[in-house]
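The values are calculated or read from the model by the stated rules, or taken from the named source; none is laboratory data. This structure is a prediction, so every number in the text was calculated from the model and none was measured. Backbone-built Cβ (ideal geometry, glycine too); neighbour counts: all protein chains shown. In case anyone asks, the SASA skips ligands and DNA or RNA and just uses the protein heavy atoms, side chains included. Shrake-Rupley method; radii C 1.70, N 1.55, O 1.52, S 1.80 Å.
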Amino acid sequence: MSAAATVYVLNGPNLNLLGKGQPEIYGGETLGDLEAACVEHGGACGLAVSFHQSNHEGEIVETIHRAREEAAAIVINPAAYTHTSVAIMDALLAFDGPVIEVHLSNVHRREEFRNHSYVSKAATGVICGLGTKGYLLALDAVADLLVPDAGDSEG
Ligand code: DQA
């Protein structure tokens, strides 16, 4: 049996406060709860989840560079950097595998500045507004995208 593909799940600034700040927008689960759920759900999908959070743009860029060597796919909630970071967009554009952008809140129902995402230019797909469940759906999508189409082998 082949080894599980590694997926980097990346979280941007302030997400270390998940469950503690603005729970009416972001819910009551902590980042630790979310990591445990991603590791468990990823495992059930045949994926090894490597979970990261950083408040620093350059550190997120460097983690994406590491993913080029170590990961088959990226799930990323870039948080506020979604709306500002050309550097994170460029790093993701240099990554070959699927990239799923996730937001806990529906960024399109909120302030206008949250309606635009630089990261979406580099994303295979985007999930927003479904809370932490969005991360699990993103892992489902990664599992589907990494498995070669069953139809191919029937050729
Ligand atoms: C967020 C939405 C962003 O606009 C915000 O800056 C965040 C969290 C979300 O998950 O809904 O920090 O990415």
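Counting only strands (runs of 3 or more DSSP E) wholly contained in region 53-154, the ones carrying 1 or more residues that are surrounded by 12 or more Cβ atoms within 10 Å (Cβ to Cβ) and in contact (Cβ under 8 Å) with a residue 40 or more places away in the chain occupy 73-77, 99-103.
Evaluation of residue 120 against the conditions (1) within 14 Å of residue 8 (Cβ to Cβ); (2) more than 11 Å from the ligand (Cβ to nearest atom) shows that the sole unmet condition is (1).
Residue under question is residue 25, and the condition is that it be over 15 Å from the mean Cα position of the chain (by Cα) and assigned to a helix (DSSP H, G or I); does it hold? Criteria met by residue 25.
State all residues of region 54-97 that are closer than 21 Å to residue 38 by Cβ and of a type in the set (Ser, Thr, Tyr); if no residue qualifies, say none. Within region 54-97, 54, 63, 81, 82 meet the criteria. State whether the residues of region 69-88 include one that is on the phi > 0 side of the Ramachandran plot and within 16 Å of the ligand (Cβ to nearest atom). Among the residues of region 69-88, at least one is on the phi > 0 side of the Ramachandran plot and within 16 Å of the ligand (Cβ to nearest atom), which makes the answer yes.
From the list 42, 32, the one residue that fits, being away from the ligand (no atom under 16 Å from the Cβ), open to solvent by 20 Å² or more (accessible area, probe 1.4 Å), at pLDDT 95 or above and outside any loop (DSSP other than H, G, I, E, B), is 32. Out of curiosity, is residue 116 more than 17 Å from residue 49 (Cβ to Cβ) and touching a Cys at 6+ places or on another chain (Cβ under 7 Å)? So residue 116 fails the test.
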